[in-house]
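The values are calculated or read from the model by the stated rules, or taken from the named source; none is laboratory data. None of these values were measured; they are calculated from a predicted model. Neighbour counts are summed over all protein chains in view; Cβ atoms, including those assigned to glycine, are modelled from backbone coordinates with ideal geometry.
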Amino acid sequence: MANFIDRRLNAKGKSTVNRQRFIERYKKQIKKAVSDAVTRRSVTDIDKGEQISIPTRDISEPLFRQGQGGKRNRIHPGNDQFNRGDQIQRPKGGQGGAGQGEASDSGEGNDDFVFNLSKDEYLELLFEDLALPNLQNNRLNKLVEYQTYRAGFTNDGVPANINIVRSLRSSLARRIAMSASKKRELIQLQAELEQLQNRPGAEAEKILALKEHIERLKKQIAKVPFIDTFDLRYNNYAKREKPSSQAVMFCLMDVSGSMDQATKDIAKRFYILLYLFLTRNYKNLEVVYIRHHTQAKEVDEHEFFYSQETGGTIVSSALKLMNEIQQARYPEHEWNIYAAQASDGDNWSDDSPHCHDLLANHILPKVRYFSYIEITHRAHQTLWHQYQTLQQQYDNIAVQHIREVEDIYPVFRELFKKQAV
């Protein structure tokens with residue numbers, strides 16, 4: 001069998017290119033493993049790398065073998081069942097890998113290929129083909145960022161910004177312009193002096209005059225400085241305003257008595273996915289956590305996910321508090337505002353129309369995107385129908401239904417799939 005040895009010189013991390021090729025080639029299997037990892041991981045480990053197992057039959061590579069060419073016929077003794085051209089059926093056998101039955105003293109095989117994804121590779125595959133809807137760059141009035149960029153060259157500057165190549169190029173051009181004619185004249189005089197010195201009976205006075213002229217030209221050429229302040233060139237830098245993108249994400253979660261721990265865990269996984277996704281698009285991301293039952297309260301991250309407080313359900317209290325916080329701290333012309341609401345859909349029936357009015361008149365005109373997920377196995381109630389009505393009227397609100405943990409990632413991809421341009 002022929003062996004191919006790659007002796008190309010690569011820099012540090014020489015396997016990076018091959019690694020990316022491998023991920024691209026087996027992306028289907030890797031993305032499936034990444035999707036499964038979202039549902040089986042604990043919440044604290046959802047953003048870490050992943051160990052992917054790929055069956056060896058899926059990573060088989062073509063081999064070059066040396067063999068006889070042409071068409072050959074073989075005779076196998078003991079054949080009493082088949083004639084020329086018959087197709088041999090696959091032998092019947094049990095399903096492998098079930099771990100049942102007696103052990104065998106023969107046979108061999110290969111374990112699955114295990115491939116470790118780094119955190120960056122894992123997140124890249126997790127959020128591939130996803131994009132933030134209605135993303136805009138906003139200028140901040142309070143804090144304007146400036147970006148320094150190269151703006152050619154200048155004749156004035158500080159020594160630290162001297163451009164050596166440009167300065168030497170200017171020096172060379174100046175020296176050529178100032179001494180080229182003198183050098184040509186010097187060569188002519190030296191040739192004429194050499195002829196006079198080799199000619200018998202040459203005039204001594206003429207030779208002496210030529211020597212004096214040559215010395216004078218040499219001194220004039222030597223006086224041309226190698227570099228002059230006129231030659232110096234400096235790198236020129238300028239500043240321009242850089243649009244600053246920053247976002248705030250409002251997380252609204254129902255913690256009423258109907259929200260059990262399993263439902264809260266599903267909501268928590270969804271919020272963590274959303275947070276990781278937004279941090280990949282914004283350098284400055286602030287998160288506002290709002291819990292609500294009959295009353296809404298702004299809390300920190302730990303209390304948002306782990307507090308045991310419970311009660312009845314009035315969803316409009318959370319929407320009202322969000323609107324108040326947004327008006328006080330996050331003006332819509334300076335911030336990209338996102339909101340995600342998770343609930344089991346159980347709400348006081350008279351409150352659902354109030355939620356509709358708050359969203360339509362105060363929240364949806366200001367937010368980039370509002371996503372509502374309803375986590376329940378029961379039939380949808382009035383809150384779901386009010387939100388569906390808004391979804392038909394506004395393009396910046398999305399409503400999705402989650403039943404099990406396995407639905408989290410598909411629903412998330414549906415909410416943030418890249419829109420066709």
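Summary table
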{"read-out": "Whichever residue in region 240-266 is in contact with a Ser or Thr (Cβ under 9 Å, 6 or more places away or on another chain) and of a type in the set (A, V, I, L, M, F, W, C) and, among such residues, is modelled with the highest pLDDT", "value": "L252"}
{"read-out": "Some residue of region 376-388 being modelled with pLDDT under 90 and within 30 Å of the chain's Cα centre (by Cα)", "value": "no"}
{"read-out": "3 or more residues out of contact with any Pro (no Cβ under 9 Å at 6 or more places or on another chain), surrounded by 13 or more Cβ atoms within 10 Å (Cβ to Cβ) and among the hydrophobic types (A, V, I, L, M, F, W, C): qualifying strands (runs of 3 or more DSSP E) within region 204-312", "value": "246-254, 284-292"}
{"read-out": "Every residue from region 379-419 that is closer than 27 Å to D357 by Cβ and of a type in the set (K, R)", "value": "none"}
{"read-out": "Residues of region 306-331 satisfying the condition of being of a type in the set (F, W, Y) and within 21 Å of A247 (Cβ to Cβ)", "value": "Y330"}
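Condition check ((1) under 18 Å from A267 (Cα atoms); (2) surrounded by 13 or more Cβ atoms within 10 Å (Cβ to Cβ); (3) free of Cβ contacts under 8 Å to residues at least 40 places away in the same chain) across all residues:
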position	(1), (2), (3)
S317	no, yes, yes
Y330	no, yes, no
S352	no, yes, yes
A360	no, yes, yes
R368	no, yes, no
I373	yes, yes, no
Y394	no, yes, yes
H401	yes, yes, yes
F416	yes, yes, no
